[in-house]
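A quick write-up on the structure given underneath.
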Amino acid sequence: MSTIKICILYTALALALACGKKDWPQPIAAEEKLFIDHLEARRDGNCILLNVKLGGNLHNLEFFVIELEQGGCPTCPFVPTSTYTLQPFSKSVLRMENNFVLTLCPQLPDDPIRLRVSADNRLDIVDPGVSSVLTLDPITQ
């Protein structure tokens, strides 16, 4: 009888050890984060050239989002009127280590435009890196 009790005890112990909270591993957000170190922008004809210097884990870069606001006032909250997405390996993106040169050629007005760039992270739980808002004045002939 004691042999049966020992077998039941070992079986119960084995089942208890096999149970527990099982979750998928979660990334450590601080190690996976992308951020924009520096952003420069200028007009070149009908195009906008952006020099974006990224920091953080560059392997997590999925795409860039460029938001433009046309005709906005410089002191008002930024409200984008158009949004463009550029993939990191597209022909509009030139990469030099952690520096990216983005070329965007939308139909531009002769008014000042404001812009903001986001570097989207491939991990959904990590927020994208977002730049400050820049103002580009129109090109004077």
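Residue 106 passes every criterion in (1) under 22 Å from residue 59 (Cβ atoms); (2) assigned to a loop (DSSP other than H, G, I, E, B); (3) touching a residue at least 12 places away in the same chain (Cβ under 8 Å); (4) more than 14 Å from the chain's Cα centre (by Cα) apart from (1). Here is the figure for the stretch 43-61: residues that are part of a loop (DSSP other than H, G, I, E, B) and on the phi < 0 side of the Ramachandran plot total 2.
Return the residue satisfying two criteria in turn: it lies in the stretch 96-111 and is of a type in the set (A, V, I, L, M, F, W, C) and surrounded by 13 or more Cβ atoms within 10 Å (Cβ to Cβ), and of such residues it is nearest to residue 37 (Cα to Cα).
Filtering the stretch 96-111 for residues of a type in the set (A, V, I, L, M, F, W, C) gives 96, 100-102, 104-105, 108.
Filter again for surrounded by 13 or more Cβ atoms within 10 Å (Cβ to Cβ), leaving 100-102, 104-105, 108.
Values: 100: 11, 101: 14, 102: 15, 104: 20, 105: 24, 108: 26 Å.
Applying the filter and picking the extreme gives 100.
One residue alone among 77, 88 is loosely packed, with under 14 Cβ neighbours inside 10 Å and either of a type in the set (Gly, Ala, Ser) or modelled with pLDDT under 95 (or both), and that residue is 77.
Let me confirm something: among 94, 123, which residue is touching a helix residue (DSSP H, G or I) at 6+ places or on another chain (Cβ under 9 Å), over 11 Å from residue 68 (Cβ atoms) and not charged (D, E, K, R)?
123
Quick check: is even one residue across the stretch 120-131 over 14 Å from residue 41 (Cβ atoms), assigned to a loop (DSSP other than H, G, I, E, B) and more than 15 Å from the chain's Cα centre (by Cα)? Can you show your working first?
If we filter the stretch 120-131 for residues that are over 14 Å from residue 41 (Cβ atoms), which is where we start, we get 120-130.
Within this subset, residues satisfying the condition of being assigned to a loop (DSSP other than H, G, I, E, B) are 122-128.
Next cut, more than 15 Å from the chain's Cα centre (by Cα) only: none.
Among the residues of the stretch 120-131, not one is over 14 Å from residue 41 (Cβ atoms), assigned to a loop (DSSP other than H, G, I, E, B) and more than 15 Å from the chain's Cα centre (by Cα), which makes the answer no.
Name the one entry in 40, 69 that is in a strand (DSSP E or B) and surrounded by fewer than 13 Cβ atoms within 10 Å (Cβ to Cβ). Spell out how you get there, then give the answer.
Numbers: 69 fails: surrounded by fewer than 13 Cβ atoms within 10 Å (Cβ to Cβ).
After applying the criteria, what remains is 40.
Do you know which of the residues in the stretch 43-59 that are out of contact with any helix residue (DSSP H, G or I) (no Cβ under 9 Å at 6 or more places or on another chain) and surrounded by 18 or more Cβ atoms within 10 Å (Cβ to Cβ) is nearest to residue 105 (Cα to Cα)? So the residue we want is 48.
The values are calculated or read from the model by the stated rules, or taken from the named source; none is laboratory data. Computed from a predicted model, the values in this text were never measured in an experiment. Here the Cβ is made from the backbone with ideal geometry for all residues, glycine too, and neighbour counts use every protein chain on show.
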